[in-house]
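Reviewing the structure listed below.
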Amino acid sequence: MKFGYIATIALVALVAIVGFAAADRLPNQTPENQVFSIDTVIDATGAVDDKSTMSWVIASPGKIPTGILGASQSISDVTFKDAILTNGGKLAENKNFDFSSKNQASGLFNIENQKVLTYASTEGAHLVGEEEYTLSVAGNYADGDDNIRCVFSTDHGSLLPAFCNIVSAKSALVNVNSAQVSTKGQIRAVAETYDVPAGLNYQLAVTPDANSGSGFAEGTVKTVFAGSIMEARDGGDDNYNSASATWNKTSATNSWKDTTEVTGGIKTLQKAFAYESGFRV
């Protein structure tokens, strides 16, 4: 059976790069770091259950706070989930997960996950799956003199303001009968200096299984990209408790959400999401 639905290419790109007065300040690495990789290759006919999860919280300076962040403190809270489940059919999957808790430069990432799978139903079997990346970064005020070098910022005692930002990228596969799916996700949550921005990237592509002969992928695909941004401003006041200080006052909010759901015969579905938030010097 051939379907008449065609999902066209859809792209989303968000760059939350604010000026010197407001942006994410990432925590830095701990003295002891972890680096590991997990590679998965599956070629099977039958039931498959494959899951990967990770929860990572890191703060600096000092320990992870149980309440309000201390002065100059920032914290990153990262969640990663990836799962597929079939009750039969033929599945071929290649997945590579890489993690490093070390400080990262711009363009490099603490978490990278890439996956390519092809699925074909037999005897009424289906595939379901989900993938999620969440990055939450928050920080209290900090002294900017030792961290930001900018020719336009010559005042002594300048403050880097408080902030609380969270973004996420999610996708779901529901009752898939036939498809080729490729995804790639990246998160940057730790850096040595404040001029390296927080980052989250996600890409999804769904195309027909070349061996199906139908010219369409068959099933339901959903994506949700969302963010909530709260930023203060640089008060420029040496007295942090001054009534005129703005480092702890909400000066900007930004909430957004992008959703896509396609059901039926999918000839092409592509979603791409790119997010950065950081100081630019």
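Could you identify the single residue in ASN241, ASN248, ASN201, ASN211 that is modelled with pLDDT under 90, under 21 Å from LYS95 (Cβ atoms) and out of contact with any Asp or Glu (no Cβ under 7 Å at 6 or more places or on another chain)?
Selected residue: ASN211, the only one of ASN241, ASN248, ASN201, ASN211 that is modelled with pLDDT under 90, under 21 Å from LYS95 (Cβ atoms) and out of contact with any Asp or Glu (no Cβ under 7 Å at 6 or more places or on another chain).
Keeping to region 27-65, report how many residues are surrounded by 13 or more Cβ atoms within 10 Å (Cβ to Cβ) and in a strand (DSSP E or B).
12
Starting from residues that are open to solvent by less than 20 Å² (accessible area, probe 1.4 Å) and hydrophobic (A, V, I, L, M, F, W, C), keep the ones in region 214-228 and report whichever is nearest to ASN165 (Cα to Cα).
By that ranking, first place goes to PHE225.
Does region 116-161 hold any residues that are modelled with pLDDT of 70 or more and open to solvent by less than 10 Å² (accessible area, probe 1.4 Å), and which are they?
Of everything in region 116-161, those that are modelled with pLDDT of 70 or more and open to solvent by less than 10 Å² (accessible area, probe 1.4 Å) turn out to be LEU117, TYR119, ALA125, LEU127, GLU131, TYR133, LEU135, VAL137, GLY139, ALA142, LEU160, PRO161.
Any idea which residue in region 262-281 is modelled with the lowest pLDDT, counting only those that are open to solvent by 10 Å² or more (accessible area, probe 1.4 Å) and not in a strand (DSSP E or B)?
Once the filter is applied, the top-ranked residue is VAL281.
Cβ contacts < 6 Å: first residue part of a strand (DSSP E or B) and open to solvent by 10 Å² or more (accessible area, probe 1.4 Å), restricted to region 188-213; second residue at pLDDT 95 or above and not polar (S, T, N, Q), any location; separation 6+ or different chain. Result?
Taking only residues 6 or more apart or on different chains, the pairs are ASN201/ALA274; GLN203/LYS184; GLN203/ALA272.
The values are calculated or read from the model by the stated rules, or taken from the named source; none is laboratory data. Because the structure is a prediction, the values reported are computed rather than measured. Reconstructed Cβ throughout: ideal geometry from the backbone, glycine too, with neighbour counts over all protein chains shown. Keep in mind that these areas ignore ligands, DNA and RNA; they rest on the heavy atoms of the full protein, side chains included. Shrake-Rupley method; radii C 1.70, N 1.55, O 1.52, S 1.80 Å.
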